[in-house]
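One structure is given here, and the rest of the page talks about it.
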Amino acid sequence: MADYKKNFLSSVVVRIDFDKIDLSKINSYLKKIQGVFAKYEQQSSYESELTIDVEEGMPISKQVNNQLQSWMLLNDEETKRAQISQKWLWIDYRKYKNSKELLADVEKVIDAFIDHFGIESVNRVGMLYSNVVKTESNQKPTHWEDYINPKLLAGIHFADENAFSISRNMGQIVKHAATNDLRFDYGIWNRDFPNQVARKEFILQYDCYTNLAMDARDLKMSELIEDFNDQIESLFEASITDKLREIMRKG
């Protein structure tokens with residue numbers, strides 16, 4: 001996000017998926033990225049298979065029997081982790097600093113991974129920013145006009161006009177582009193559902209992902225993720241008000 005002292009991020013994840021590869025060269029790769037992830041352990045992961053009934057559009061069976069080699073990685077402070085498997089690599093931030101660190105990590109870890117293992121095609125690239133906005137305001141837990149763009153609050157206004165209590169109110173917008181989509185989920189999730197909303201929490205979640213396979217030889221993942229990050233930051237800024245920006249600047 002922008003250069004704020006405070007953020008409301010509960011999760012930041014970058015992930016790539018690719019066809020199954022041989023990880024026999026994993027030790028030499030792990031040595032290359034010790035400056036980012038110094039701790040690691042081998043484990044087993046399982047790939048899920050989901051079968052869909054075409055007519056009904058419903059899942060009819062699920063198998064969890066495809067075992068894959070994988071490694072879990074941690075940095076020294078244990079504020080970020082990564083998982084490498086034969087079919088995917090993701091980085092997850094438990095304490096997010098800024099996009100500068102993230103983009104540097106993508107270059108050092110993901111770009112280096114693609115180069116080290118000679119990956120030619122990436123099936124999917126995704127980046128997720130999940131915000132849980134919490135304030136200490138004495139206003140009702142469904143009143144967010146001071147902090148969230150009022151255009152995102154139509155469902156809440158409708159409930160107020162019709163005098164009924166809310167247990168949950170979520171909206172979704174999917175922005176489509178030639179090579180990627182951006183799914184924006186927003187609203188009051190309410191972790192106490194189905195009870196009436198009592199906590200003052202508002203979800204702003206942005207998931208940007210490619211919609212077709214990409215030639216990894218012609219594109220650095222760090223450049224693609226930088227573009228995703230710019231799209232998400234722009235939409236986040238459009239989602240909030242100056243009053244929330246003030247809170248974030250002060251920290």
Measuring from centroid to centroid over Cα atoms, what is the spacing of region 217-247 and region 16-37 in Å?
27
Kirkwood hydrodynamic radius of region 88-161, Cα pairs, Å:
16.4
Put one equal scatterer on each alpha carbon of region 87-217, apply the Debye formula with no solvent term, and list log10 I(q)/I(0) at q = 0.19 1/Å to two decimals.
-1.10
GNM of the chain, Cα pairs under 10 angstrom: of 117, 18, 193, the biggest fluctuation goes to 193
Lys/Arg Cβ at +1, Asp/Glu Cβ at -1, dipole of the chain taken about the Cα centre: which of 251, 222, 158 is farthest positive-ward?
251
Obtain the nm distance between the two label points defined at residue 140 and residue 233 by a simple spin-label model: each point lies 7 Å from its Cα along the Cα-to-C-beta direction.
3.7
To check my understanding: the extent here is largest minus smallest coordinate of the Cα atoms along each principal axis. What are those three numbers for region 172-245, in Å, largest first?
51, 30, 18
Compute the angle between helix 221-239 and the longest alpha-carbon principal axis of the chain, please, reported from 0 to 90 degrees and rounded to the nearest 10.
0
Taking the C-alpha atoms of the chain, convex hull volume expressed per residue in Å³:
165
Top to bottom by accessible area (1.4 Å), largest first, where do 101, 161, 136, 120 land?
136, 161, 120, 101
The simple spin-label model distance between residue 217 and residue 11, using points 7 Å out along Cα→Cβ, in nm, is 3.5
Can you give the Rg to Rh ratio of region 135-207, both from alpha-carbon atoms, with Rh computed by the Kirkwood formula?
1.02
Taking θ = phi - 60°, what integer Hz values does the Karplus form 6.51 cos²θ - 1.76 cosθ + 1.60 yield along region 78-89, in sequence order, with x for Gly and Pro?
6, 9, 8, 9, 8, 10, 10, 10, 6, 10, 7, 9
Nearest 5 percent is fine: what portion of the DSSP beta bridges confined to region 114-251 is antiparallel?
100
In range of the label at residue 177: residues from region 194-221 whose backbone nitrogen is under 17 Å from the point 7 Å along Cα→Cβ
206-215, 219-221
Compute the length gained on full extension between residue 130 and residue 116: take 0.36 nm times their separation in residues and subtract their Cα-Cα distance, giving the result in nm to one decimal.
2.0 nm
Highest GNM mean-square fluctuation, the chain, Cα pairs closer than 10 Å: which of 16, 91, 33?
33
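The values are calculated or read from the model by the stated rules, or taken from the named source; none is laboratory data. Only a predicted model underlies this, so the values are computations on that prediction, with no experimental measurement involved. Note: ideal-geometry Cβ built from the backbone for every residue, glycine included; neighbour counts use all protein chains shown. What goes into the accessible areas is simple: the full protein's heavy atoms, side chains included, and nothing from ligands, DNA or RNA. Shrake-Rupley method; radii C 1.70, N 1.55, O 1.52, S 1.80 Å.
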